[in-house]
């Protein structure tokens, strides 16, 4: 088995499972066929090799990191044109992640190694319509051909060291700015004008262990205060009280709304963010209530996080939020 230094691209369709849940088999096949017809010619154009198809995902390798990133940019441009006049069910929106490194190449052409695993983790936080790539790609690509913006370090599950992440920066086309607001093309490291600054991107969810400790701290603090107020030594009856559950929900919602974190989360240096914008979410009361729902059926909503690919609970998924490091 030989080893090679390659640029690795992983793509997948945003919301494929939910999108195709109401599709017939013929409709699903039509979507996948159209996806291939739009994306694979672009990959071939830039010298990419399709390693394998994983459901709605493509694993591709390139000899050139620059070609890989420019290919990702053109794929997104092709799909944007395709989606322009399509109804929501017919749109194809994909996430693209690119990494580079030494991989083992099997006799059948498949690839293995940490660079592949990192690419998969990066793809999990990439956004539809965007091209995310690692520092390994940034350092080896031609930076004059790819305008980029640094997102920051991210800690991925199963990867011991933090990975610095970048994204392709979408520049404002010349002539599109209002009079008097013409800008120099932004480059990495230079300030980006507010009008063209990309939205904040949340990192990967904080480790489950940290989130569990923060929840335990919140419970202990709440139980202690409630015990003092109600002069109870044991708090079991209070936990099962509907009134106390309502107080819990409102307290959690209050802290999330005002501070972006509960007391336990603040102690553990965590915060709650909207998965799409990276900002403090608005519907904190709804999330706090759903947190109780996650706990009611034997804690299944929390146990779910151990099996979900991004470590998210039911109330994380239902409210499109995540707890990240502050």
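No value in this document is a laboratory result; all are computed from the given coordinates. Since the structure is predicted, the reported quantities are computational estimates derived from the model, not experimental observations. Because the Cβ atoms are built from the backbone with ideal geometry, glycine has one as well, and the counts that use them run over all protein chains shown.
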(request) Using the Kirkwood radius over Cα pairs, work out the Stokes-Einstein diffusion coefficient for region 1-108 at 4 °C and 1.567 mPa s, in µm²/s as a whole number. (result) 88
(message) Please report the equivalent ellipsoid semi-axes of region 2-196, computed as sqrt(5 x eigenvalue) of the Cα gyration tensor, largest first, in whole Å.
(response) 27, 24, 15
(request) Can you pull the one-decimal nm distance between simple spin-label points at residue 292 and residue 30, each 7 Å off the Cα toward Cβ? (result) 4.6
(message) Between residue 161 and residue 309, what is 0.36 nm times their sequence separation minus the Cα-Cα distance? Round to one decimal in nm.
(response) 51.4 nm
(message) Starting from 0.36 nm per residue, how many nanometres of slack lie between residue 208 and residue 80 once their C-alpha separation is accounted for?
(response) 42.5 nm
(request) Starting with the highest mean, order 136-148, 22-34, 253-265 by the number of other Cβ atoms within 10 Å, averaged over the residues of each peptide. (result) 253-265, 136-148, 22-34
(message) Let's test the formula: R0 of 22 Å, r as the Cβ-Cβ distance of residue 267 and residue 247. What FRET efficiency results, to the nearest 0.05?
(response) 0.60
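If you take the Cα Rg of region 82-165 and divide it by 2.2 N^0.38 Å, with N the number of residues, what do you get? Show your work: numbers first, answer last.
Values: Rg = 15.2 Å, N = 84, 2.2 N^0.38 = 11.8 Å.
So the Cα radius of gyration is 1.28 times the expected 2.2 N^0.38 Å.
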(request) Find how much the distance from residue 1 to residue 325 grows on full extension, using 0.36 nm per residue of separation minus their present alpha carbon separation; answer in nm with one decimal. (result) 112.7 nm
